[in-house]
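The values are calculated or read from the model by the stated rules, or taken from the named source; none is laboratory data. A quick note: this is a predicted structure, and the numbers were derived from the prediction, not measured. When we count neighbours, we look across all protein chains shown, and the Cβ atoms used for this are built from the backbone with ideal geometry, even at glycine. Side chains are part of the model used for accessible areas, which takes the heavy atoms of the whole protein and leaves out ligands, DNA and RNA. Shrake-Rupley method; radii C 1.70, N 1.55, O 1.52, S 1.80 Å.
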Amino acid sequence: MAPAQKAKHDEPETRRVDAVHIPPRHKVALENMSTQASNRSYRYPDNTQIPYYNGNLVPVGGNGTCYMPQNHDDGHYISSDDGSQTSNSRAQGFQAQYCTLDSSSANCVYPAHSSTSSQSQSGSPLSQQESHSEHAYGSSPSASCVTQVPSWTLKDLENVMLEPDFDIGSPDSSLLSDTALHENNWREVLGIKTWDLRQVIIACGKAVDENACYMDALMSELRQMVSVSGEPMQRLGAYMLEGLIARLSFTGHALYKSLKCKEPVATSSELMSYMHLLYDICPFFKFGYMSANGAIADAVKGENFIHIIDFQIAQGSQWMTMIQALASRPGRRPYLRITGIDDSNSAHARGGGLDIVGQRLHSIAQSCGLPFEFNPVPAASHEVMYEHLCIRPGEAIVVNFAYQLHHTPDESVGVENHRDRILRMVKSLSPRVVTLVEQEANTNTAPFFLRYLETLDYYTAMFEAIDVARPRDDKKRISAEQHCVARDIVNLIACEGAERIERHEPFGKWRARLAMAGFRPYPLSPVVNSTIKTLLDSYHSHYRLEEKDGVLYLGWKNRKLVVSSAWC
């Protein structure tokens, strides 16, 4: 379902959330409950960390304290259409109830649950490996502040809402009985069906967006319903909850960086195994690489000097088959030069700098007898200038943007529009072909709640696709989702401004940007389409391949996930 249609489809649910109106007297009562909570404290005797995502809620006993990382601010992010943010004081109250991810040596005590997941006794699925990282949130080991876990429960909230003059500003007043609400009638008040996980996820995002008084109760409910080893929606819900917590505690960017190939979350060999697992069980990356390479091979037929400029070369895997294909070309073998651009985030996954990629590709080219040269550019895409590319006269230039251009900031982030600047610079090179592979999603300038709904819709399809390929209790699958997928989810939900790196645009916007830069479409070869269809036959029948106006879409069921196009 398209983003606009999805938002419209969910409108009745969000209206029910909007309709809740609590009179001032009841708001005061809720605040009093929070105040009472601040005078009580809970601690496990040994101060050890307790699993975050697992089964049913168990009250925490004792009279100790809970350690948390310091707040960066007392405010709460509220996003606008242009990606800017304002603050609200609600976050501090929320942090008193949820212990967020801590990278310092101070322990973080979570509310206890009877675990049904496979997680260790070390916090949430993201924080369990993050807890030893290098003070990612800017606090020293001794700088953690002490806060209290609230004692008020959903029953307390219900009692306040049950008072005679509790006002429901909804035309559907039949939700309230003439006498009293039942134990779970607060779900009905918010338009949530019992144990409908998707509705609870949506309601949590709406409550955070509006800084609603019932936000804490909803997130407590969600926490009991999610699991990293459960069904696709349970797993996605766990990471979306992580994103909401990080948003309210201003830790999203540090968490994203720590999961994005930073030590000591995982060794380079472990991280590579997670990436390879995702590469093997889902055709998303193979689809992108195969479609791009097909367009490139078609565009450089007969050329003797070929220069490929890859704006995010990562491991260089895309070019191994290209080297072999060029080496097997009849007649004279061309001279191939590859300029590999990548920032430092991939260094840990590789186990070193770009020289590792150059050595690997050079070794393959040498074994095939193909003349080869590698030009490393250790920089982020928005830092690349013309002089970094070392253009030579007479070479056929190819530029590759595979899952990269959405990381390049545009005018919604800062005064410089690097996204369009890079495209204009590339056009000035007169390339034979430019390949663009991107996720088909709309999260760049969307306000927070619409972006939240789009994230839910997009990653529901992705988690379902992963689910059919690996067992739910597979530890490698859990790690692959955590390091290769969850980091993006957290960044989309928790971060604003320059800290939000994941900024996808639907193909229509990419097409407009490329057209403004002077590009015209380069239709993909029918041979490529046929090859990709054969590839998909080895995967699940729910994958869909659609060709429209020379552009290829890869989808799961009715949701388009990846789009591949070529330009000249």
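Some points to look at:
- Checked against (1) acidic (Asp, Glu); (2) closer than 29 Å to Thr534 by Cα; (3) free of Cβ contacts under 8 Å to residues at least 60 places away in the same chain, Asp342 passes all but a single condition, namely (2).
- For segment 409-434, filtered to residues that are of a type in the set (D, E, K, R) and in a loop (DSSP other than H, G, I, E, B), the residue that is nearest to Arg520 (Cα to Cα) is Arg432.
- Residue among Ile309, Ile356 that alone is under 29 Å from the mean Cα position of the chain (by Cα), more than 21 Å from Phe401 (Cβ to Cβ) and surrounded by 15 or more Cβ atoms within 10 Å (Cβ to Cβ): Ile356
- Residue in segment 446-458 that is under 22 Å from Glu546 (Cα atoms), in the same structural domain as Ile202 (by the TED database), open to solvent by less than 30 Å² (accessible area, probe 1.4 Å) and aromatic (Phe, Trp, Tyr) present: yes
- Under the condition of being open to solvent by less than 20 Å² (accessible area, probe 1.4 Å), at pLDDT below 70 and assigned to a helix (DSSP H, G or I), the residues counted in segment 257-281 number 3.
The rows are residues; the columns are (1) at pLDDT 95 or above; (2) aliphatic (A, V, I, L, M).
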site	(1), (2)
Ala396	yes, yes
Glu411	no, no
Glu416	no, no
Ser430	yes, no
Thr435	yes, no
Glu438	yes, no
Asn444	yes, no
